[in-house]
1. Need one word for region 54-95: rounded, prolate or oblate. Basis is the Cα gyration tensor (sqrt eigenvalues a ≥ b ≥ c); a/c below 1.5 gives rounded, then a/b vs b/c decides.
2. Of the labelled options (1) 18.3, 69; (2) 22.8, 69; (3) 15.6, 50, which one gives Rg and Dmax of the Cα atoms in Å as computed for this structure?
3. Working with all protein chains in place, sort Arg32, Arg58, Arg7, Arg119 by solvent-accessible area computed with a 1.4 Å probe, largest first.
4. GNM, the chain, Cα, under 10 Å: largest mean-square fluctuation among Thr63, Thr118, Thr76?
5. Between Arg104 and Lys79, what is the FRET efficiency for a Förster distance of 22 Å, r being their Cβ-Cβ separation, to the nearest 0.05?
6. Starting from the Cα of Leu149, move 7 Å in the Cα-to-Cβ direction to define the label point; list residues of region 113-142 whose amide nitrogen is under 14 Å from there.
7. Based on the Kirkwood radius over alpha-carbon pairs, what value in µm²/s does the Stokes-Einstein equation return for the translational diffusion coefficient of region 26-87 at 4 °C and 1.567 mPa s?
8. How much of the DSSP beta bridge set in the chain is antiparallel, as a percent to the nearest 5?
Amino acid sequence: MADKRKRMSSPAAVAELLAASFRGTPTEKRLREGSIWLVWDSAVGKQIAGRAKPLSFRDGTLTVAVESAPWMQQLTFLKKGIMEKLNARLGEELVRDIYLKAGRAKLSNPLTSPEKPTRRSLSAEELQKIAKQPDSVADPELRGALAELLARHMETKSTD
């Protein structure tokens, strides 16, 4: 009989599961690098985050779009401190240089919520398709959730 794994005391976060499954692979490094975007706003502060956003990361160099020449000049003087703050929040020295590039820093406003997609009525054919697709799933609860997810997706999808 196969060994049973120990029961978890609480559910694990998806980020932890991904990190564990990619441990020791090149993807693990890419996941760590991706966390730069997650810590950017808190590391640099609201004022800078509103005028500069990370665009890409390659070989230790973070490319940042800055909205104006005066801000680019100011950030040139602050590069070392920004790198230190980013690396401190990341827990390792990932960012070794910052390349500033003129560009539009896309502002993120947490006060506005994204627009909800418009929903449409499903045709009888679409409803039949939704009813048939989850048949191969044995768990009735999961089967119901899958059917609901498919229906929501098709309601927001255009018929073009």
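1. Working: a/c = 2.76, a/b = 1.56, b/c = 1.77.
It is oblate, given that a/c is not under 1.5 and a/b is not larger than b/c.
2. (2)
3. Numbers: Arg32 80, Arg58 175, Arg7 220, Arg119 140 Å².
Ranked from most to least accessible, the order is Arg7, Arg58, Arg119, Arg32.
4. Checking each option, the largest mean-square fluctuation is seen for Thr118.
5. Numbers: r = 20 Å, r/R0 = 0.92.
Efficiency computed from Cβ-Cβ geometry: 0.65.
6. 133-142
7. Numbers: Rh = 12.1 Å.
Reported coefficient: 107 µm²/s.
8. Working: 6 of 12 bridges.
Taking every DSSP beta bridge within the chain, about 50 percent pair in antiparallel fashion.
The values are calculated or read from the model by the stated rules, or taken from the named source; none is laboratory data. These numbers come from a predicted model, not from an experiment. Positions of Cβ are backbone-derived with ideal geometry, glycine not excepted, and every protein chain shown enters the neighbour counts. The accessibility values were calculated without ligands, DNA or RNA, using every heavy atom of the protein model including side chains. Shrake-Rupley method; radii C 1.70, N 1.55, O 1.52, S 1.80 Å.
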